[in-house]
Amino acid sequence: MVNHLGDDDAVLVVDATGFLKKGVQSAGVARQYSGAAGRSDHSQGGVFPADADRRGAAGKRRCAVE
C-alpha cells in the first residue's frame, strides 16, 4: 500500500456519500437511505478514496460507485 500512497506516513481516507437522483438515466439508482437528504429517496452511492500525509495534503483518486 505504501507504494500506492507514496509516503511511509500516509493514510488512506475513505468518504462514502449519496447523491439524490430523480431521472432514469443513472445506473445503480434505488430507493435507499441518503444521509445527504436525511431520508429514504431514490439515490446513488459513491465512495471517494483519498490519501493524506503528515502535511495534511490529500488527493482524491476517483469515485467508485457503490
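Database remark: amide H of SER34 closer than 5 angstrom to the amide H of ARG39, SER40, ASP41 (H placed geometrically; neighbours at sequence offset of 5 or more, or on other chains; Pro and chain starts carry no H). Protection proxy ranking for 19-25, 37-43, using the average of other Cβ atoms within 10 Å per residue and placing the highest first: 37-43, 19-25.
Compute the distance in nm between two label points, each set 7 Å from the Cα along the Cα-to-Cβ direction, one at ASP15 and one at HIS42. Here the modelled spin labels are 2.7 nm apart. Applying the Karplus relation 6.51 cos²θ - 1.76 cosθ + 1.60 with θ = phi - 60° to the stretch 40-56 yields 3J(HN,Hα) values of 7, 6, 5, 8, 10, x, x, 10, 10, x, 8, 10, 9, 10, 5, 7, x Hz, where x marks Gly and Pro. Under Stokes-Einstein, with the Kirkwood radius over Cα pairs as Rh, the value for the stretch 2-53 at 25 °C and 0.890 mPa s is 192 µm²/s.
Every number in this text was worked out from the coordinates using simple rules, so none of it is lab data. Bear in mind the structure is a predicted one, so any value in this text is a computation, not a measurement. So basically every Cβ, Gly included, is an ideal-geometry build from the backbone, and we count neighbours across all protein chains shown.
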